[in-house]
Structure formats: structure tokens, C-alpha cells
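Note sheet for the following structure.
Nothing in this text is a laboratory measurement; each read-out follows from the coordinates by a stated rule. These figures come from a predicted structure and were not determined experimentally. Neighbour counts are summed over all protein chains in view; Cβ atoms, including those assigned to glycine, are modelled from backbone coordinates with ideal geometry.
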Amino acid sequence: QKILADELPDTEVIVVSNREPYIHEKTPDGVVLRKPASGLVSALEPITRTCGGTWIAHGGGSADRETVDQQDHVAVPPEDPTYTLRRVWLSEEELKGYYLGFANEGMWPLCHIAFTRPIFRAADWDAYQAVNRKFADAVIAEAKSDRPIVLVQDYHFALLPRLIRERLPNAIIITFWHIPWPNAEVFSICPWREQILDGLLGSSILGFHIQLHCNNFTESVDRFLESRIDREGAAISYKGGTTLVHAYPISIEWPKKPKFITTDPSRTLRDRHGIPDDVKIAIGVERLDYTKGVLDRFHALDEFFTQHSDWIGRLVFLQIAAPSRSDLPAYKLLHEECLALVAEINDRYGTDGYQPIILLDEHHTQEELAELYRAADICVVSSLHDGMNLVAKEFVASRDDERGVLILSTFAGASRELLEALIVNPFDPSSMGEAFFHALTMPEGEMRERMQRMREVVRSNNVFRWAGSMLVDAARLRKRAALTSAS
Ligand code: GDG
């Protein structure tokens, strides 16, 4: 807010993302506004709440699908509104092609290199282009000036920066790509690679979580487009414009004060699931997605029980698996595989009063997640590939008792910052199994020291710093442009 006021006065902020920060859900008590399970929303909502402006997103909650009096503009957050949510309505056909098809069956597996073959269909590409144009129209309709800051979010909108640039040449367009960018060879699989790159280079700033993804993007441009690349200045000049390509590691809002302190934070959880006090608790929290390595952590647990059978009966794994993209075959299959593997492991090691894995495959409230984070002895993040991973940071931020061990995949962007986690290769179940043993037998002093260091990192590299660094760079670009045009 301060950076905006000082460095970019009188500049309106427009955020564009596919997912809404508040979804309208139909419940027996009427329509309620609920925050979705989304890393993008977790990170960006505190920023927009603080800075104000307009957030443009697709309106697709269960209440929207059934009612006819959908509101285009909604003041949010519901309890204390500070910004406007502008909803864009998409037909079933548009959603199928643009969202389920091109974005989630094409771009998502392409960028994650998670051994799920990307599917590219010409009809999906047509829908993707059309929906990007529809969102460009919404940005133009909402912009009150010719020089707004537009924050474009994620792989759903690769074409949007160029479409906005053509109609608002003086806008500052900051695009953030929340998922990895693959190397140029892998990226070349995409039949519309030139158009995707051209679209993104309409941005003033293009942000990724880590330098590796910036380098991969720059190499892809070098290979497929005629452009001038200034590697030292991290800038790409193309079609008369310049794009700064920079790493901005995303983060979370540092909790203001501990919310759920009780003498024993695991009490209610133990009572609810019948977990005795002397049994340790490991947790996993995610949308059920094949990039998150959920099956792989269960294989590691299996390995751990085989190698350290004295731990059978003394460790329970609680896995939150919020349903996600469940209309897609790859996600349906994952859900089935997950249920089967959990049943197999529970069958192998379980007894009448003991189930080693408790799978909670439903959406949970943020309060429930906070309770879980605080109750856990171990939190496992075993992504096969992940832009950042906010669960790792949320776990660390929740632990004001400085206890608990984080087991973290080396393939999550978060592993570049949370160096004191137990860093693992999720493709190697036996070494990940040993990480369970290390975590469970870690001396108290070492556990605290590791947690203290990680907490310092997350407290200082919080989400306001993430947004602030992009805005500072944007202000610098605007000043430089003003000086150049004056000289
Ligand atoms: C993308 C990138 C990047 C999970 N289950 C529930 C729930 N969650 C919340 C978590 C967390 C968020 O969802 C998940 O964030 P991640 O970062 O782990 O993953 P993606 O959704 O894949 O996010 C990722 C992120 O964008 C930001 O740039 O870090 O790499 O893939 O906040 O707490 N929230 C609720 N109920 C659940 O059941 N309320």
C-alpha cells in the first residue's frame, strides 16, 4: 500500500486470475462466500485486500451455476469490503476448452514435467484464445485510466498481456507465472509455443518463483522468437517493448498473532480421529493433484514401516486431499489410485484400533488446516515438481511453539529458501522413508533450531515483500520510461 502511494501515486490496481478469491457456494443456509483451496488465492488475497482495486475472475461457484441473478460486481471481503470482485461468466463449452482442456490438460502437465503427457487439442486452443480475449475486454471495461497496473495471474492467461498491451499501451502489466517453466526442449512440445511466448512478452514484468524458471523461459524465447536478450539486465526486447524477467519467490501473510493456541493443540484432532496421545502425527495438506507426490509419500511410509517395524502403531499419517479438477480423467484416476494405496497400506499395517493412514478427501476450512498444522509432529511436502508450495510455508508460520519437522521435496521452489527442512527426493521412497525416521528421532534442540531459522525466513520473505518487490520494479520501469521520453 505504501509503495503504491509513494512510488506509483494515483495508479489503479487490477488483478486478473481464473479463480475467484471468494466463491459463491449454495448451502442449506443460503449462499455463502468461501475461499477456495488455491495457492494463488492464498498469496494474492492479502495483497488485494490491503491495496484495494478490482479483481477480475471467472464466477463459477455452485450458487452461480444455478441462479440467474448473478452479480457482476461484488464488494469483498464480505465482512469488511476493501476491493471489488468483477466476475466474468464462462459457458460450459468455454470452460471445457479453456480451463479443463488447454490450461489443465495442456499447460499444467507441460510445465510440471510430472510424467503426465500433455494433451493439446485445436478446439481447446480456440477456446483458450477466446477466453483470453473475453478477459481482455473485461480489463478494458474496468480500467478507469489509460495507465493502470494490471496483475495477470498464471498459466490460464498467457495471451492476455499482449491483448491488453495492444489496447492499453501505457499500462504496467505484471504477469506472475505460479507454476514452473520447463526447459526449451520440453516447452517445444506445445504446438502454439510462439503464440504463448508472444503473449507473455506483452508484459512489462514477467515473474517466476525461482531463477531456474526465468532461465528456462529466456532460453525458450531465444530458441523460438526473434528477440534481443539482455541476460545481465534480465530483460527481453521484442516487438518494440521490453519485458523484465525476474524471480519473485511467493510467500504467505505472516500470522499477526497465534490463533489457535491451547495447551495441547493436537487434543481435538486426537479425540476426533481416536489417535492415542503416544502416537505421533504426520500430515500432508493439498489439493489432490498428481504433481504433489501424494502416492510417493505413501510409498515412502510403506518403506519406513518395512525398515523400522517398531514404529508400526506409533505413527499416523493424516492426509488432507481437497478435491480438485475432478472432471478430468487424470485426476479421477489419481483419486482411485490414492484410495487403493491407502487401503493396501492400512490393510498391511493396520489393526482393529489402528489405521496408519487417515485420508480426508474433502475441502477443509482454514481453521481446520491451522489446527492440523499445529498438531503435527511432521509435515510432508513431497511434490514431484512445484512452483513454490505454500503449505510448507504455512506449516512453518503456524509453529510459534518452534516444534515440528518439515520434510520437503527438493523439486518444490520452497526448498531454495527453507534450507533447514529435511530435503528429500520424492522419486526415492527408501531415502524419503529414512527422512521419516530422522524426523521422528530428531533431538528437541535440533528441531527447534531448524524451525527457528525457517520461521525467520518466512517471516521476513512474506507475501507483502513478494508484491512489494514487483511494485518497486514496476515503479522503476515507469520512471525510466518517463526519463527516456523526456530526453
Ligand atoms: C500454485 C502452484 C505455488 C489446500 N487444501 C485446502 C486448502 N489448501 C490451501 C493450502 C495452500 C493452498 O491451498 C495450496 O497452495 P500450494 O502452493 O501448495 O499449491 P497450488 O494450489 O498448486 O498453487 C504452487 C502457488 O500457486 C502460489 O504461487 O506455491 O507451486 O502450484 O494455501 O493451505 N485450503 C482450504 N481447504 C483445503 O482443504 N481452505
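How much of the DSSP beta bridge set in the chain is antiparallel, as a percent to the nearest 5?
Once the DSSP bridges in the chain are tallied, antiparallel ones form about 25 percent.
Could you pull out which residues in region 198-223 have an amide N less than 20 Å from a spot 7 Å beyond the Cα of E185, following the Cα-Cβ vector?
212-223
If one computes the Cα centroid of region 10-57 and of region 75-135, what distance in Å separates the two points?
A separation of 16 Å, based on Cα centres.
A 21 angstrom limit on the alpha carbon distance is what I want to check against. Which of K35/K393; K35/K134; K96/K292 exceed it?
Values: K35/K393 18 Å; K35/K134 24 Å; K96/K292 23 Å.
From the list (K35/K393; K35/K134; K96/K292), the Cα-Cα distance tops 21 Å for K35/K134; K96/K292.
Obtain the radius of gyration and the Kirkwood radius of region 261-414 from its C-alpha atoms and give Rg over Rh.
0.94
Modelling each spin label as a point 7 Å along the Cα-to-Cβ direction, I'd like the D352/S91 distance in nm, to one decimal.
6.1
Please order T410, T243 by the number of other Cβ within 10 Å, starting at the fewest.
Details: T410 13, T243 24.
So the ranking, lowest neighbour count to highest, is T410, T243.
Measure nothing but the geometry: give the 0 to 90° angle between the long axis through the Cα atoms of 463-486 and the longest principal axis through the Cα atoms of the chain, rounded to 10°.
It is inclined by approximately 20 degrees.
Quick one: divide the alpha-carbon radius of gyration of region 4-109 by 2.2 N^0.38 Å and tell me what you get.
Relative to the 2.2 N^0.38 Å estimate, region 4-109 comes out at 1.16.
To the nearest Å, what is the center-to-center distance of region 328-349 and region 398-448, using C-alpha atoms only?
The distance from the Cα centre of region 328-349 to that of region 398-448 comes to 24 Å.
Hey, any idea what Rg/Rh is for the chain, computing Rh the Kirkwood way over Cα pairs?
That ratio is 0.97, to two decimals.
As I understand it, the value is the acute angle between the Cα axis of helix 366-375 and the longest principal axis of the Cα atoms of the chain; what does it come to in degrees, rounded to 10?
40
Using Cβ counts within 10 Å as a stand-in for footprinting exposure, how do V285, V457, V32 rank, fewest first?
V32, V457, V285
So what is the diffusion coefficient of region 162-206 in µm² per second by Stokes-Einstein at 4 °C and 1.567 mPa s, using a Kirkwood Rh over Cα pairs?
The Stokes-Einstein estimate is 111 µm²/s.
With a 10 Å Cβ neighbour count serving as the proxy for reagent exposure, in which order, fewest first, do H273, H213 appear?
Details: H273 13, H213 22.
Ranking H273, H213 by Cβ neighbours within 10 Å, fewest first, gives H273, H213.
I need the calculated FRET efficiency for the pair D72 and M442, taking r as the beta carbon distance and R₀ as 41 Å, to the nearest 0.05.
Working: r = 53 Å, r/R0 = 1.29.
That pair, D72 with M442, gives E of 0.20.
Taking every pair of Cα atoms in region 89-187, average 1/r, invert it to obtain the Kirkwood radius, and report Rg/Rh to two decimals. Present the calculation step by step, with values, prior to reporting the outcome.
Details: Rg = 14.4 Å, Rh = 14.3 Å.
Using only Cα positions, Rg/Rh for region 89-187 is 1.01.
What Kirkwood hydrodynamic radius, in Å, does region 167-286 give when the mean of 1/r is taken over all pairs of distinct Cα atoms and then inverted?
On the way: mean 1/r = 0.0561 Å⁻¹.
Averaging 1/r across every pair of different Cα atoms and inverting gives 17.8 Å.
Stokes-Einstein diffusion coefficient for region 347-487 at 25 °C in a medium of 0.890 mPa s, Rh from the Kirkwood formula over Cα pairs: what value in µm²/s?
Values: Rh = 17.5 Å.
Approximately 140 µm²/s, per Stokes-Einstein.
Nearest 10 degrees, 0 to 90: what angle lies between the long axis of helix 294-307 and the longest principal axis of the chain (Cα atoms)?
30
Restricting to region 1-114, compute how many DSSP beta bridges are antiparallel as a %, nearest 5.
On the way: 9 of 17 bridges.
Bridges in region 1-114 that DSSP calls antiparallel: roughly 55 percent.
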